[in-house]
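Everything below concerns the one structure shown next.
The values are calculated or read from the model by the stated rules, or taken from the named source; none is laboratory data. No experiment lies behind these values; they were computed from the predicted model shown. With ideal geometry, Cβ positions are generated from the backbone for all residues, glycine too; neighbour counts draw on all protein chains shown. Accessible surface areas use protein heavy atoms only, side chains included; no ligands, DNA or RNA. Shrake-Rupley method; radii C 1.70, N 1.55, O 1.52, S 1.80 Å.
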Amino acid sequence: MEHMIRLDELTKRFPGQLAVDSVSMDIPEGEIVVFVGPSGCGKTTTLKMINRLIEPTSGRIFLEDEDVTRINADRLRRRIGYVIQQIGLFPHMTIASNIATVPRTLGWDKQRIAERVDELLELVGMDPEAYRDRYPKELSGGQNQRVGVARALAADPAVMLMDEPFGAVDPITRERLQNEFLRLQDEVNKTICFVTHDVDEAIKMGDRIAIFGDDHGIQQFDTPEMILSHPANEFVEDFLGSGAALKRLHLRRVREVALTAWPAAGVAEDRDTLREKLEDSEQSFLLLLDEQRQPVRWVSRRDLERGEGRMADRGLPVAAIIEPHATLHDALDEMITSNVGCAVVVDREGAYQGVVDIDPVMTAVNTLRAELRERLAVGSWHAVPTETVEEGTS
Amino acid sequence: MSITAADTDLMQQPAPEAEPRSALGRLLRDPGRVWGYIGIPIVVVASWIAVYRWIAGLELDSIEQRWLNADRVSRAIIEHIQLSLAATVLVIVIAVPLGIMLTRPFAKPLTPLFIGLANIGQAIPSVGLLFFLALPFLLGIGPRTAIVGVVAYCLLPVLRNTMVGIQQVDRALIEAGRGMGLTRGAVLARIELPLAVPVILAGIRTALILTVGTMVLATFINAGGLGDLINGGIVNNRTPVLLTGAVLTAGLALLIDWIAGIAEEVLRPRGL
């Protein structure tokens, strides 16, 4: 099987209005393809034609090399996970029954369904014991969104369609959900079509991006790197907006760059040890960690000398904390708002790993640019394997 | 995937309080409502006892004795309940499936027709409708006619509430269901109907009260019920008879409304 999904000149005409104009696209297995474009460009219509919630006027859809344009639509949809912006959890069903919707329709036995529900809740980071018998209104927006994803994954479909899945949550929750989803995708490795109107989200989430234009067709379908460096036309350029170099930082993750070691010490250590550590370093701030090695305060020499009180109350609180799977764009954002000009990286348990300052970000920008130039000169373009990047930046 | 620090934050967001799981728990959730649930039967029974004691202390003449004896009164009550229940069951059996059908896309063009008919049923004065149906060449007099007339009169609230209840279901839920591969029928049975239950029940409750009240008119076409007592009291100019019929009817309507209210609370899907 070469491509998981193939769209062949898919067209949708609503009465008196063209919605999608002859879209053809090959979507490789295991990739996230993001449909992005202005309102009314046909991106959502195209998505909904893949599971035939909207029937195409003409053209054909292939799933795993099988022509599914005419087969039973209900049975087709049970093979495709579907997540919508409003999440659409059924309010009168428990979390477990919501997740069990498709398996039950497929006639799985109770035991198998119960096991699958627990497995999925754990997969999206929710304790099955605590959540399976709750109702959607008893959960927060972010939790409901995870359940929505779990429900779409229930029958282990090879393909998932996501229609602005993170559009209805606040920006902080959205960023967490995006990162979590990328981590989840590393595990489940689905073929995903993802609609958004947010360019930054598209660049962050997409292995490939399809930019839809006002003419209801695809303006450019390529990897984020290529789209950022070589926009196909003026429309794409305008749509991307300014700061393509900055946006490219979405393409690199913190775990891919070398972290800077920063002088750090336990909050309980005595003042002389702390002073010594600070003096041994070239930095003007010392990072204090608590018993779990979680960063708590930045202290300067002045903070160390001055006053009595507990060490944990001195200096400045640590605000800019990121995880290794955050993008360099996130890191830069945090860095700028941080009071010491760098972002602290912690692992999944929140323990201190190192810091990122401006240098690796600059290196990454330069490397990305050089890589592109090289690949274009060679004339063969493939998606950038992430392994090669670390050598370039370290 | 293990749970990260960020996840833990997310988990600790205050989630709304869990709903009491038992029906009784939900009934008792709101202390103000508890008084409503206890108060109404107390008021009804107290008023019945008061009227009984008042009548027991009266010297009844022969006409009053003919009306106010245990046999006559209990027969009137039973007839009234039977007629009302039969009419309500018919209303539900006709109006709920009809309402469901009219929300299906294929029946859209028929909607104005049926809503119009139901409107006519309710707009015509109920006495007029009953007398009309009782014409010898139509249905004639008797309980059957009374039930048909009252059904026609009480159809609208159930029909309209069934339709509104289904139409107000969030389109996103239906799209989610269809998008996951549920058939139209499964979406109706598993999503639309359960979510419409509260609104449909409210319609049935309205219809029940309307039925109990309107069934008083059954007496005029010789179909029995508590209307016999009220009408008998009026035509014979006997206030105790009239009052007994009136208080029993009002109390019955209140009690049925009370039972329907509890049923609404218990049958409402959890999680809403």
Would you work out the relative contact order for the stretch B:144-271, in percent, from Cα pairs under 8 angstrom that are 6 or more residues apart? 27
Under a GNM of chain A (C-alpha, springs under 10 Å), which listed residue has the highest mean-square fluctuation: A:SER242, A:SER58, A:SER24? A:SER242
Quick check: net charge around A:ASP214, other residues with Cβ under 13 Å of its Cβ, Lys/Arg +1 and Asp/Glu -1? -3
When the helix-only estimate is applied to chain A (DSSP H runs of n ≥ 4, each -39,500 (n - 2.57), divided by the residue count), what is the mean residue ellipticity at 222 nm, nearest 500 deg cm²/dmol? -10500 deg cm²/dmol
Which pairs break 31 Å Cα to Cα here: A:LYS43/A:LYS110; A:LYS110/A:LYS190; A:LYS137/B:LYS108; A:LYS204/A:LYS277; A:LYS48/A:LYS247; A:LYS190/A:LYS247? A:LYS43/A:LYS110; A:LYS137/B:LYS108; A:LYS204/A:LYS277
For chain B, the accessible surface attributable to carbon and sulfur atoms (probe 1.4 angstrom, ligands and nucleic acids excluded) amounts in percent to 69
What is the Cα convex hull volume of chain B when expressed per residue in Å³? 163
Relative contact order, percent, chain A [alpha-carbon distance under 8 Å, six or more residues apart]: 15
Per-pair calculated FRET efficiency, R0 = 22 Å: A:ILE358 and A:ALA258 via Cβ, rounded to 0.05: 0.95
The A/B contact buries a total accessible area, at probe radius 1.4 Å and rounded to the nearest 100 Å², of 3700
Sites matching trypsin sites (Lys or Arg not before Pro) across the stretch B:50-131 that sit in DSSP coil, with at most 11 neighbouring C-beta atoms within 10 Å: none
How would B:TYR52, A:TYR131 line up by accessible area, probe 1.4 Å, largest first? B:TYR52, A:TYR131
Would you calculate the volume per residue, in Å³, of the smallest convex hull containing every Cα atom of chain A? 165
With every protein chain kept in place and ligands, DNA and RNA left out, what is the accessible area per residue of the protein assembly as shown? Probe 1.4 Å, answer in Å². 46
Under 5 Å, built H, 5+ apart or other chain: amide partners of A:ILE209: A:VAL34, A:ASP222, A:THR223
Contact order normalised by length for the stretch A:26-147, with contacts defined as Cα pairs under 8 Å and 6 or more residues apart; what percent is it? 19
Return the loop-located trypsin sites (Lys or Arg not before Pro) in the stretch A:13-75 (DSSP other than H, G, I, E, B) with at most 11 other Cβ atoms within 10 Å of their own Cβ; answer none if there are none. A:ARG70
Pairwise centroid distance, computed over Cα atoms, of the stretch A:301-345 with the stretch B:178-257, Å: 69
Can you compute the equivalent ellipsoid semi-axes for the protein assembly as shown, i.e. the square root of 5 times each eigenvalue of the Cα gyration tensor, sorted largest first and rounded to whole Å? 68, 35, 18
Residue by residue through the stretch B:178-185, what is 3J(HN,Hα) from phi via Karplus (6.51 cos²θ - 1.76 cosθ + 1.60, θ = phi - 60°)? Round to whole Hz and write x for glycine and proline. 5, x, 8, x, 6, 6, 4, x
Losing no less than 50 Å² of accessible area (probe 1.4 Å) relative to the isolated chain, the residues of the stretch A:70-103 are A:ASP74, A:ARG77, A:TYR82, A:PHE90, A:PRO91, A:HIS92
